[in-house]
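> Structure in structure tokens, see below.
The values are calculated or read from the model by the stated rules, or taken from the named source; none is laboratory data. Computed from a prediction, not measured in an experiment: that's the story for all the values here. Neighbour counts run over all protein chains shown; Cβ positions are idealised from the backbone, glycine included.
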Amino acid sequence: MSDQDLVVETVRDILAAHEPFVLTAERRWDAGLWGALAGAGLTGVGLPEEAGGSGGELADAVAIVRTLAAGAGAVPVAEQLLVAGPALLAADLELPSPDQPTTFATADAVTVHPVDNGDGPGRFTLTGTVTDLAWAGVARHVAVLAPAPGGIEGAVLALVDASSLPVTDAANLAGEPRGSLALDRVGASGALLTGPRAAEVRARFALARAVQLAAALEQVLAWTVRYAGERHQFGRPLGRFQAIQMELAEMAGEVTAVTALTDAAVQALDRGENVVLAAAAAKVRAGAAVEVVARLAHQVHGAIGFTQEHGLHHLTRRLWSWRDEAGSELAWSRVLGAGVLAGGPDQLWPALTRVV
Amino acid sequence: MSSNSLTLAPAPRSEAAEQVRAEVREFLAAELAAGTFTTHVDTWLSGVDPAFSKKLGERGWLGMTWPKEYGGHERSAMERYAVTEELLAAGAPVAAHWIADRQSGPNLLAYGTEKQRREILPRIAAGECFFVIGMSEPDSGSDLASIRTRATRDAAGDWVVDGAKVWTSNAHTSHYGIVLVRTSPADPANRHAGLSQLLVDLSLPGITINPIRILDGGHHFNEVVFEGAVVPGDMLLGEEGNGWHQVTAELAFERSGPERFLSTYPLVAEFARRVAESGDAAALATLGRISARLLALRQMSLRIAAALDRGELPNIPAALVKDVGTTFEGDVVEEIRKVVDVTPSLDSPDPLGRALAEAQLHAPGYTLRGGTNEILRGIVARGLGLR
């Protein structure tokens with residue numbers, strides 16, 4: 001058994017004791033699941049021990065994120081393990097305790113001012129609103145990527161303690177918290193990132209969502225195949241009807257495409273390559289698959305899948321949300337289109353073969 | 001991992017493949033500059049140029065994975081993938097040798113006699129010997145087991161062939177056909193029994209090749225009629241009665257390559273020129289979406305190449321790649337025409353209008369050739385455990 005198999009099995013065991021539930025304004029996340037994961041050291045995987053993490057490889061962290069996504073675990077693990085944690089470490093910023101959730105946000109409407117209070121560089125004040133904040137009100141810390149102060153190229157990555165700051169209650173299509181965080185001259189430690197480094201952080205966020213999408217798409221396919229085998233109509237299982245078989249095969253094609261590209265992008269990240277275009281491609285491809293897979297999954301499940309009594313919605317509502325989070329599908333399509341054209345249209349093919 | 005589970009392990013990086021990719025790219029740039037070919041859509045069907053095929057053979061880019069003793073080059077499927085992908089992306093005229101290199105050669109390697117291999121494989125690898133697939137018939141399309149072309153042994157032990165094969169791409173420019181024939185009467189209890197493959201020299205008496213024009217007027221398809229054609233007894237390929245197994249074993253080669261998603265790439269390249277000129281935001285996003293789909297298909301196809309290098313025959317994943325890939329080939333036309341103000345015409349002064357016209361008129365073929373997408377989805381459904 002590989003390390004990743006062991007990690008996956010551990011996460012699955014924990015998930016088995018924490019069934020997904022309908023997220024509401026009263027209960028926006030699964031604190032019990034988070035506690036169990038943190039207790040097992042799984043909320044620090046892939047982050048080095050000397051920085052307070054649990055050690056392990058990127059592949060281990062990805063395996064955890066995938067397993068939680070497939071299980072509709074309502075916890076900020078993708079943000080912490082794949083985005084905020086690595087971005088803070090790469091910027092030489094302190095990693096908050098992995099036992100407390102840390103999320104990530106890009107905040108183009110937040111203005112940042114350097115503060116010289118005698119402590120040296122690296123202190124900033126932040127003012128403005130962080131919108132569409134994943135796990136607003138849940139995450140203790142937020143790694144905020146905001147435009148650099150006037151005239152400076154690039155961005156500032158700042159670690160904001162959000163525990164006593166006001167957030168609005170808003171949710172994505174799955175009920176996951178996506179409220180706004182108001183910052184009014186909030187002090188934070190931070191670091192200046194060049195434009196390309198900031199782009200890589202944004203790409204990490206997109207890739208994290210692509211990884212979650214890939215895992216959820218695979219699970220929705222598996223659920224739908226299982227349901228087609230169990231549900232009988234006209235005296236035979238749905239899966240015996242050719243019309244249903246065609247739909248399931250189409251879903252399988254989409255899922256396989258997403259997995260192949262997302263895995264390749266993750267491997268490129270692991271090799272230390274610039275993954276802006278790879279992440280863009282993975283996110284766009286995964287988003288495109290959502291349309292087909294979620295639609296056909298619901299079609300095959302029939303009316304029961306359209307209710308909260310059945311679990312299908314835990315993943316399909318997340319799919320419909322995640323495809324336009326961490327940068328919309330349109331935004332990443334443009335990034336990818338511009339990226340492959342950057343060397344001129346005659347260099348399109350070489351550019352494509354370099355993406356992953 | 002089982003070779004017929006739907007998902008395959010990721011392909012490893014191949015430095016050798018990147019090396020040969022650079023060489024092919026350089027060669028193609030020089031050929032384009034010299035005007036020896038012009039870029040077209042779907043050139044693995046329509047771009048017959050024996051001189052070009054010979055050049056590829058001289059450079060060692062045909063029969064790449066075969067043993068050296070048969071004229072091959074003992075290189076990996078990953079390297080072959082890089083070569084074929086570069087040729088297709090450039091819209092180069094590769095149709096003459098395509099079937100022989102992709103499919104007939106491996107078929108001969110797997111099932112041919114020593115004599116057949118020694119006589120034919122080195123000529124394929126040299127780009128001098130071209131093949132056609134003889135499977136479909138006027139009354140047998142997706143239901144391949146229903147074929148009626150018959151071969152019976154005469155007193156001398158030779159095969160007498162009667163019947164007709166259709167959609168035989170470029171039979172009129174090919175030397176041999178690998179023809180699926182019925183060598184014993186149909187058995188309703190075992191439809192796949194009694195079929196055999198014959199290696200047929202297309203210049204034999206009793207064989208007539210009639211053109212069948214496709215939608216753009218091009219002559220690629222043919223009807224090949226056999227009227228008492230006598231095929232020497234030693235031209236049986238593999239075992240008598242094993243034809244079904246031999247035909248289905250080819251499918252991982254036939255269905256997984258980059259020609260299953262790059263047939264319309266030259267249109268994408270032309271579209272990119274227009275996007276760069278116009279800077280139109282919607283068109284830019286479309287280019288991004290097309291790129292994302294193409295990049296996913298590359299990874300799927302590369303995984304199959306890596307599986308072939310491991311000695312596997314991943315027929316179910318290959319069916320899946322072909323379904324997703326050929327759907328993409330057609331979608332490219334629709335995606336592009338929604339964001340450019342161009343009228344498609346083969347006579348258009350605008351290269352984008354011409355590429356759109358070529359891709360549109362070839363579009364029905366993408367999801368038919370090599371197994372219809374409905375048949376492929378049935379195979380995928382079996383992989384999902386549904387049948």
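> Just checking, does the range B:285-292 include any residue being surrounded by fewer than 23 Cβ atoms within 10 Å (Cβ to Cβ) and either hydrophobic (A, V, I, L, M, F, W, C) or without any contact (Cβ under 8 Å) to a residue 40 or more places away in the chain (or both)?
no
> Are there any pairs, at least 6 apart or on different chains, whose C-beta atoms fall under 7 Å, with the first in the range B:130-154 and basic (Lys, Arg) and the second modelled with pLDDT of 95 or more and loosely packed, with under 13 Cβ neighbours inside 10 Å, and if so, which?
Close Cβ pairs (under 7 Å, with a partner that is modelled with pLDDT of 95 or more and loosely packed, with under 13 Cβ neighbours inside 10 Å) amount to B:Arg148/B:Asp139.
> May I ask you to verify whether A:Val292 is in contact with a Phe, Trp or Tyr (Cβ under 7 Å, 6 or more places away or on another chain) and within 18 Å of B:Gly325 (Cβ to Cβ)?
Here the answer is no, as A:Val292 does not meet what is asked.
> Same structure again: Any idea which residue in the range B:98-154 is surrounded by the most Cβ atoms within 10 Å (Cβ to Cβ), counting only those that are assigned to a helix (DSSP H, G or I) and of a type in the set (Asp, Glu)?
Of the residues in the range B:98-154, the ones assigned to a helix (DSSP H, G or I) are B:98-111, B:114-125, B:144-146.
Checking which are of a type in the set (Asp, Glu) leaves us with B:101, B:114, B:119.
Numbers: B:Asp101: 29, B:Glu114: 8, B:Glu119: 15.
This residue is B:Asp101.
> When the range B:253-278 is examined, which residues are found to be small (Gly, Ala, Ser), buried (at least 24 other Cβ atoms within 10 Å of the Cβ) and more than 25 Å from the chain's Cα centre (by Cα)?
B:Ala272
> Can you tell me which residue among B:Leu308, B:Leu320, B:Leu313 is within 17 Å of the chain's Cα centre (by Cα) and not in a helix (DSSP H, G or I)? Spell out the reasoning first.
Working: B:Leu308 fails: not in a helix (DSSP H, G or I); B:Leu320 fails: not in a helix (DSSP H, G or I).
Step by step, each of B:Leu308, B:Leu320, B:Leu313 is checked, and only B:Leu313 is within 17 Å of the chain's Cα centre (by Cα) and not in a helix (DSSP H, G or I).
> Now for a separate question. Can you tell me which of A:Val266, A:Val255 is within 18 Å of the chain's Cα centre (by Cα), of a type in the set (A, V, I, L, M) and within 22 Å of B:Gly378 (Cβ to Cβ)?
Criteria check complete, one pass: A:Val255.
> Kindly establish whether A:Arg231 is touching a helix residue (DSSP H, G or I) at 6+ places or on another chain (Cβ under 7 Å) and either basic (Lys, Arg) or modelled with pLDDT under 95 (or both).
yes
> Can I ask one more? Could you tell me whether the range A:152-166 includes any residue that is buried (at least 22 other Cβ atoms within 10 Å of the Cβ), part of a loop (DSSP other than H, G, I, E, B), out of contact with any helix residue (DSSP H, G or I) (no Cβ under 6 Å at 6 or more places or on another chain) and modelled with pLDDT of 95 or more?
Checked the range A:152-166: at least one residue is buried (at least 22 other Cβ atoms within 10 Å of the Cβ), part of a loop (DSSP other than H, G, I, E, B), out of contact with any helix residue (DSSP H, G or I) (no Cβ under 6 Å at 6 or more places or on another chain) and modelled with pLDDT of 95 or more.
> Could you check, for the range B:335-348, whether at least one of its residues is buried (at least 18 other Cβ atoms within 10 Å of the Cβ) and closer than 26 Å to B:Val247 by Cβ?
Checked the range B:335-348: no residue is buried (at least 18 other Cβ atoms within 10 Å of the Cβ) and closer than 26 Å to B:Val247 by Cβ.
> Six or more apart or on different chains, Cβ atoms under 6 Å: show the pairs whose first residue is in the range A:318-334 and at pLDDT 95 or above and whose second is not in a helix (DSSP H, G or I).
Correct list of pairs: A:Arg318/A:Ala174; A:Trp320/A:Leu173; A:Ser321/A:Asn172; A:Ser321/A:Leu173; A:Ser321/A:Ala174; A:Glu329/A:Arg323.
> Within the range B:155-183, restricting attention to residues that are β-branched (Val, Ile, Thr) and in a strand (DSSP E or B), which residue is surrounded by the fewest Cβ atoms within 10 Å (Cβ to Cβ)?
Of the residues in the range B:155-183, the ones β-branched (Val, Ile, Thr) are B:160-161, B:166, B:168, B:173, B:178-179, B:181, B:183.
Narrowing the set further to residues that are in a strand (DSSP E or B) leaves B:160-161, B:166, B:178-179, B:181.
Details: B:Val160: 17, B:Val161: 23, B:Val166: 20, B:Ile178: 27, B:Val179: 31, B:Val181: 26.
Once the filter is applied, the top-ranked residue is B:Val160.
> As an exercise: evaluate B:Leu56 against (1) surrounded by 22 or more Cβ atoms within 10 Å (Cβ to Cβ); (2) over 14 Å from the mean Cα position of the chain (by Cα); (3) part of a loop (DSSP other than H, G, I, E, B); (4) not polar (S, T, N, Q) and give the number of the one condition it does not meet.
Among (1) surrounded by 22 or more Cβ atoms within 10 Å (Cβ to Cβ); (2) over 14 Å from the mean Cα position of the chain (by Cα); (3) part of a loop (DSSP other than H, G, I, E, B); (4) not polar (S, T, N, Q), B:Leu56 violates only (3).
> What do you reckon, is A:Thr129 polar (S, T, N, Q) and either at pLDDT below 95 or buried (at least 24 other Cβ atoms within 10 Å of the Cβ) (or both)?
So A:Thr129 fails the test.
A quick yes/no check of all residues on (1) assigned by TED's automatic domain parsing to the domain that holds A:Leu95; (2) under 22 Å from the mean Cα position of the chain (by Cα); (3) crowded, with 20+ Cβ neighbours inside 10 Å:
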site: A:Val211; (1), (2), (3): no, yes, yes
site: A:Ala216; (1), (2), (3): no, yes, yes
site: A:Arg226; (1), (2), (3): no, no, no
site: A:Gln245; (1), (2), (3): no, no, yes
site: A:Thr262; (1), (2), (3): no, yes, yes
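> Next question, about the same structure. Quick check, is B:Gly325 in contact (Cβ under 8 Å) with a residue 24 or more places away in the chain, outside any helix (DSSP H, G or I) and either of a type outside the set (Ser, Thr, Tyr) or over 17 Å from B:Glu254 (Cα atoms) (or both)?
no
> Moving to a separate point now. Give me the residue from the range B:359-383 that is more than 18 Å from the chain's Cα centre (by Cα), within 11 Å of another protein chain (Cβ to nearest Cβ) and touching a residue at least 60 places away in the same chain (Cβ under 8 Å) and, out of that set, surrounded by the most Cβ atoms within 10 Å (Cβ to Cβ).
Ranking the qualifying residues of the range B:359-383, first place goes to B:Val380.
Yes or no, residue by residue, for (1) more than 30 Å from B:Asn107 (Cβ to Cβ); (2) within 7 Å of chain A (Cβ to nearest Cβ); (3) out of contact with any strand residue (DSSP E or B) (no Cβ under 7 Å at 6 or more places or on another chain):
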{"site": "B:Gly279", "(1), (2), (3)": "yes, no, yes"}
{"site": "B:Asp309", "(1), (2), (3)": "no, no, yes"}
{"site": "B:Pro314", "(1), (2), (3)": "no, no, yes"}
{"site": "B:Asp323", "(1), (2), (3)": "no, yes, yes"}
{"site": "B:Phe328", "(1), (2), (3)": "no, no, yes"}
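> Tell me, yes or no, whether the range A:190-212 has at least one residue that is under 17 Å from A:Leu312 (Cβ atoms) and hydrophobic (A, V, I, L, M, F, W, C).
No, because not a single residue in the range A:190-212 is under 17 Å from A:Leu312 (Cβ atoms) and hydrophobic (A, V, I, L, M, F, W, C).
> Only one of these is buried (at least 20 other Cβ atoms within 10 Å of the Cβ) and free of Cβ contacts under 8 Å to residues at least 60 places away in the same chain: A:Val65, A:Val75. Name it.
The conditions single out A:Val75.
> Would you check which residues across the range B:133-191 are under 26 Å from B:Thr113 (Cα atoms) and of a type in the set (Lys, Arg) and list them?
B:Arg148, B:Arg150, B:Arg153, B:Lys165, B:Arg182
> Could you list, in sequence order, the residues of the range B:215-252 that are surrounded by 19 or more Cβ atoms within 10 Å (Cβ to Cβ), farther than 19 Å from B:Arg150 by Cβ, aliphatic (A, V, I, L, M) and touching a Pro at 6+ places or on another chain (Cβ under 9 Å)?
Within the range B:215-252, just B:Ala252 meets the criteria.
> Which of (1) away from every other protein chain (no Cβ under 11 Å); (2) part of a loop (DSSP other than H, G, I, E, B); (3) not aromatic (Phe, Trp, Tyr) does B:Leu386 not meet, given it meets every other one?
Result: B:Leu386 fails condition (1) only.
> Hey, among B:Leu352, B:Leu356, which residue is within 14 Å of chain A (Cβ to nearest Cβ), under 30 Å from B:Glu277 (Cβ atoms) and either in a helix (DSSP H, G or I) or not aromatic (Phe, Trp, Tyr) (or both)? Give the derivation first.
Details: B:Leu356 fails: within 14 Å of chain A (Cβ to nearest Cβ).
Sole residue among the options that is within 14 Å of chain A (Cβ to nearest Cβ), under 30 Å from B:Glu277 (Cβ atoms) and either in a helix (DSSP H, G or I) or not aromatic (Phe, Trp, Tyr) (or both): B:Leu352.
> For the range A:1-60, give me each residue that is free of Cβ contacts under 8 Å to residues at least 40 places away in the same chain, part of a helix (DSSP H, G or I) and among the polar types (S, T, N, Q).
Hit for the range A:1-60 is A:Thr10, nothing else.
> Would you confirm whether any residue within the range B:342-360 is over 23 Å from A:Val290 (Cα atoms) and touching a Phe, Trp or Tyr at 6+ places or on another chain (Cβ under 6 Å)?
The answer is no; no qualifying residue exists.
> Looking at the range A:227-240, is at least one residue more than 10 Å from chain B (Cβ to nearest Cβ), under 30 Å from A:Val115 (Cβ atoms) and of a type outside the set (Asp, Glu)?
First, pick out the residues of the range A:227-240 that are more than 10 Å from chain B (Cβ to nearest Cβ): A:227, A:230-236.
Okay, now just the ones that are also under 30 Å from A:Val115 (Cβ atoms), so none.
No: the range A:227-240 contains no residue that is more than 10 Å from chain B (Cβ to nearest Cβ), under 30 Å from A:Val115 (Cβ atoms) and of a type outside the set (Asp, Glu).
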